[in-house]
Amino acid sequence: LAALYESLWAPHTPWTVFLRMLWERYGAHLDEEKPGPTRFELTRFQADGVKRMKRLLDEIGGVLVADEVGLGKTYLALEVIAAASEERRQRVLIAAPAALKSSVWEPILDRYDLSRRVKAYSYEEIRNRMDPDDPRHDEFADSAEDAALIIVDEAHNLRNASAARAEALDKIILAGKHPKKVVLLTATPANN
């Protein structure tokens, strides 16, 4: 009997324990997450990430992508955006800091011709336009309500739920008859 249980009580390296934990948590999804072709010529690990993002969006309606700087979070989001806007003909709203809106999102949406159903806004634009006193409020609120997918870039900027921009984005996410899917992009947890 001691020989039978000996292997169960043998010491294991932290790496072995970590691998076993990953297997227990994700093993059932490995076959269904085999990546297929990607529109934006992603690397294998990025394609794996897109497949996992899509599964989580379908299962729970949201996903946090917390990769290091420079690993292609924007391109992972673009794959999900293209699937929503082109394959399913859904509207997509992107919320980002003003600098990223103008230097990253608007040029990349134009370059890949995704700007018809996809619109990028800065956090401040969203906050201002969600104010009922803003003259663009009604048009913006109707448009935001129609969005099926919300991409939040630099999502760590919204940690304070009582901040005006976080409250405005919450209103957009919760607006409408149908639940929206939400992708949060940030490098901060990985960097910290």
Of everything in segment 104-146, what is out of contact with any helix residue (DSSP H, G or I) (no Cβ under 7 Å at 6 or more places or on another chain) and among the small types (Gly, Ala, Ser)? Give them in sequence order. 141, 143
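For segment 109-132: of the residues being among the charged types (D, E, K, R) and open to solvent by 60 Å² or more (accessible area, probe 1.4 Å), which is nearest to residue 148 (Cα to Cα)?
The initial filter retains those residues of segment 109-132 that are among the charged types (D, E, K, R), namely 110-111, 113, 116-117, 119, 124-125, 127, 129, 131.
Cutting the leftovers down to open to solvent by 60 Å² or more (accessible area, probe 1.4 Å) gives us 110-111, 113, 116, 119, 124, 127, 131.
Details: 110: 20, 111: 22, 113: 19, 116: 14, 119: 12, 124: 21, 127: 19, 131: 21 Å.
Taking the candidates together, the pick is 119.
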What is the number of the single condition among (1) in contact with a strand residue (DSSP E or B) (Cβ under 7 Å, 6 or more places away or on another chain); (2) of a type in the set (A, V, I, L, M); (3) open to solvent by less than 80 Å² (accessible area, probe 1.4 Å) that residue 64 does not meet? (3)
So in segment 36-61, with the set limited to residues that are touching a Gly at 6+ places or on another chain (Cβ under 8 Å) and open to solvent by 20 Å² or more (accessible area, probe 1.4 Å), which one is modelled with the highest pLDDT? 56
For residue 75, all conditions in the list (1) open to solvent by less than 90 Å² (accessible area, probe 1.4 Å); (2) more than 18 Å from residue 185 (Cα to Cα); (3) outside any loop (DSSP other than H, G, I, E, B) hold save one; what is the number of the exception? (2)
In segment 95-119, the residues that are closer than 18 Å to residue 166 by Cβ and outside any helix (DSSP H, G or I): 95, 96, 97
Can you confirm whether segment 47-69 contains a residue that is basic (Lys, Arg) and either over 25 Å from residue 180 (Cα atoms) or touching a residue at least 40 places away in the same chain (Cβ under 8 Å) (or both)? no
Of the residues 168, 164, which is open to solvent by less than 30 Å² (accessible area, probe 1.4 Å) and of a type outside the set (D, E, K, R)? 168
Cβ-Cβ under 9 Å, sequence separation 6+ or interchain: first residue in segment 158-177 and under 15 Å from residue 124 (Cα atoms), partner part of a loop (DSSP other than H, G, I, E, B) and open to solvent by 40 Å² or more (accessible area, probe 1.4 Å). Which pairs? 164/131; 166/159; 166/160; 167/161; 168/131; 170/161
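The values are calculated or read from the model by the stated rules, or taken from the named source; none is laboratory data. It should be emphasised that the depicted structure is a prediction, and the values quoted were computed from it without experimental measurement. As a convention, Cβ positions derive from the backbone with ideal geometry for all residues, glycine included, and neighbour counts pool all protein chains shown. What goes into the accessible areas is simple: the full protein's heavy atoms, side chains included, and nothing from ligands, DNA or RNA. Shrake-Rupley method; radii C 1.70, N 1.55, O 1.52, S 1.80 Å.
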